[in-house]
Amino acid sequence: MLHTDSEKCRSMLFKGLFGLEKEGFRILGDGSMSDTPHPFPGDENITMDFFENQIEIVTSPEPSALAAVTALAAHERRMLERLSELPEREYLWPFSAPPRIDDVNDVSIASFDGDLAHKTEYRRYLEKRYGKMKMTYSGIHFSFSFDDGLLWEEFVQSRPEMSQAASPDADDSAFRDFRTGFYLELAEKASAYAWLIVMLTAASPIVDRSFFILDGSTDERGEDVFTGKSSIRCSELGYWNAFTPVFDYSDLDSYMSSIKCYIDEGLLYSPSELYYPVRPKSPGDYSASAIREKGIEYIEFRVFDVNPLVDGGIDVRDIRFTQLLLIYLASRPRMELSADDQVMAMRNYKEAASFDLSHTTILEPNSPTSESSNITDAALDLLQSMKSFFSGLKEIGKDTPCEECPEWIDEVIDFQIDKVLHPGRRYCVQVCDRFSGSFFEKGLERAIELG
């Protein structure tokens, strides 16, 4: 729990590192899937996801949400310039839901060789377990870490004998354990509230009928399907494990043992197969050995749809809001979720992907009676609580001239409140209004416009 009553902590509260990963399909000018090899070999910022033609743009850690979104846009511009120079020009499909798929067998699994050949083998394993169609979703992942100086200050407050140390020592095992515990506690809290991000950023209510056609028929390909979901990939139609995972967040060994049990039972191949909306992570591959060796250094949200309404696919206000949510949650007392609470959290996450929210309910965590609330009421309560928290933070620091509260806080929270009060401003509604009737054709027009 962050001590926001401390002037020193407040001065570092909004510092951190921001990273974005964006997925999307390379398509040709007629909207068909590209079948060319990956055009960016050796590029660490533009690689492949599951398919050879499924681009993944990865930013380096950036010092602000704006810098991360700007970096993502710069890599995308560089990518689009290269695609425009290919013998047959290609574009980037601007939705989380895939374009029309004439034959799923024509979409090739990403090909890696040499030391990375295991990545192709792993994708073949996933294809057998989940099927190719489930892998055609694209999304945006957001990674965030608080400034180590802030966590060091919190660590020193818990360990007075460390007070003489002037700066964080990443090699100090006690500090590494403290940081790991901090992010595990934060991941537990965030998993209970990830539904809010889904509700506020869902942007994939339509999909081409070819997504549901498995018999090879072509008559209905190119027709729209409105699924009743605001986000197909975040709903029960999305890409999920065949079970609802439950974790022990009390310490790293317990957390990793939770995952190992699923691996031992054959439910998971490795930690990377864990498809969960919020993950505590360490740099590099998401493997048990890396996590145990380095500890937890940041938290990852895997809940964002690609937003076709904005260039780059993500609005900086949504990333800033997620940062505010993490600060808010990190400043609250520990929330220990029971197994039932964690199952309810996953249920809430999928319910938040409903298009019509008027009858959608959220089950409250830590409630002995599993109390439910209308999702819009629950969202407004949480948003108003955040607004009060940050107003109080400004009041505490009003006599301290420092940059502890960015000027955009109220604007960002009000932006989200406006979506709740005026459903027509939700991205999913705007996408329906703009792209329904001929999703594939209008989507292609948008891809060409952006390219």
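A short reminder: the numbers here are calculations on the coordinates, not readings from a lab. Only a predicted model underlies this, so the values are computations on that prediction, with no experimental measurement involved. Here the Cβ positions follow ideal geometry from the backbone for every residue, glycine too, while neighbour counts run over all protein chains shown.
Contact order for the chain, expressed relative to its length and based on alpha carbon pairs under 8 Å spaced 6+ residues apart, stands at 21 percent. If neighbour count is taken as other Cβ atoms inside 10 Å, put Ile299, Ile232, Ile448 in order from fewest to most. With the sparsest Cβ surroundings first, the list reads Ile448, Ile299, Ile232. Shape analysis of segment 315-451 places it in the oblate category; the axes a ≥ b ≥ c from the Cα gyration tensor give an a/c of at least 1.5, with a/b not above b/c.
Can you give the percent of C-alpha pairs in segment 37-110 whose distance is more than 18 Å? Within segment 37-110, distances greater than 18 Å cover 46 percent of Cα pairs. Size of segment 68-191 from its Cα atoms: along the principal axes, largest to smallest, the extents are 65, 35, 33 Å. Across segment 197-208, computed HN-Hα scalar couplings (Karplus, 6.51 cos²θ - 1.76 cosθ + 1.60, θ = phi - 60°) run 5, 4, 4, 8, 10, 4, 8, 9, x, 10, 9, 6 Hz from first to last residue, x flagging Gly and Pro.
Classify segment 200-270 as rounded, prolate or oblate, taking a ≥ b ≥ c as the square roots of the eigenvalues of its Cα gyration tensor: rounded when a/c is under 1.5, otherwise prolate if a/b is larger than b/c and oblate if not. Taking the square roots of the gyration eigenvalues as a ≥ b ≥ c, segment 200-270 is oblate.
Calculated from the alpha-carbon coordinates, segment 1-84 shows an Rg and a Dmax of 17.8, 58 Å respectively. Seen from all directions on average, segment 1-149 presents a Cα convex hull projection of 11.3 nm². For the Cα atoms of the chain, what angle does the longest principal axis make with the long axis of helix 375-396, in degrees from 0 to 90, nearest 10? Relative to the chain, helix 375-396 is tipped by roughly 40 degrees.
Amide H to amide H distances under 5 Å link Ile232 with Ser204, where only residues 5 or more positions off or on other chains count and H is placed in the peptide plane.
Alpha-carbon geometry of the chain: the Rg and the Dmax are 22.0, 73 Å, given in that order.
Peptides 16-22, 388-394 ranked from most to least packed, by the mean per-residue count of other Cβ atoms within 10 Å: 16-22, 388-394.
With distances taken between every two different alpha-carbon atoms, segment 371-451 has a Kirkwood hydrodynamic radius of 15.9 Å. With a cut-off of 11 Å on the backbone N, the residues of segment 92-132 near the modelled label site 7 Å out from Asp285 along Cα-Cβ are 115-120, 122. Considering only Cα-Cα distances, which of the following residue pairs are longer than 30 Å: Lys8/Lys189; Lys132/Lys281; Lys128/Lys350; Lys128/Lys419; Lys260/Lys387; Lys229/Lys394? Lys128/Lys419; Lys260/Lys387; Lys229/Lys394, as the Cα separations exceed 30 Å there.
Cβ crowding within 10 Å, taken as a proxy for footprinting-reagent exposure, orders Cys9, Cys261 from fewest neighbours to most as Cys261, Cys9. Applying the Karplus relation 6.51 cos²θ - 1.76 cosθ + 1.60 with θ = phi - 60° to segment 48-65 yields 3J(HN,Hα) values of 10, 9, 6, 9, 4, 9, 9, 5, 10, 9, 10, 7, 6, x, 10, x, 7, 4 Hz, where x marks Gly and Pro.
Compactness ratio for segment 1-50: Cα radius of gyration over 2.2 N^0.38 Å (N = residue count) comes to 2.14. As a proxy for reagent exposure, ranking Thr376, Thr47, Thr201, Thr136 by other Cβ atoms within 10 Å from fewest up yields Thr376, Thr47, Thr136, Thr201. Magnitude of the charge dipole for segment 305-350, about its Cα centre and with charges confined to Cβ atoms of Lys, Arg (+1) and Asp, Glu (-1), is about 160 debye. Per residue, the chain reaches -13000 deg cm²/dmol at 222 nm when only DSSP H runs of four or more residues are counted, each adding -39500 (n - 2.57). Once you reduce segment 193-272 and segment 1-73 to the center of their Cα atoms, the two points are 20 Å from each other.
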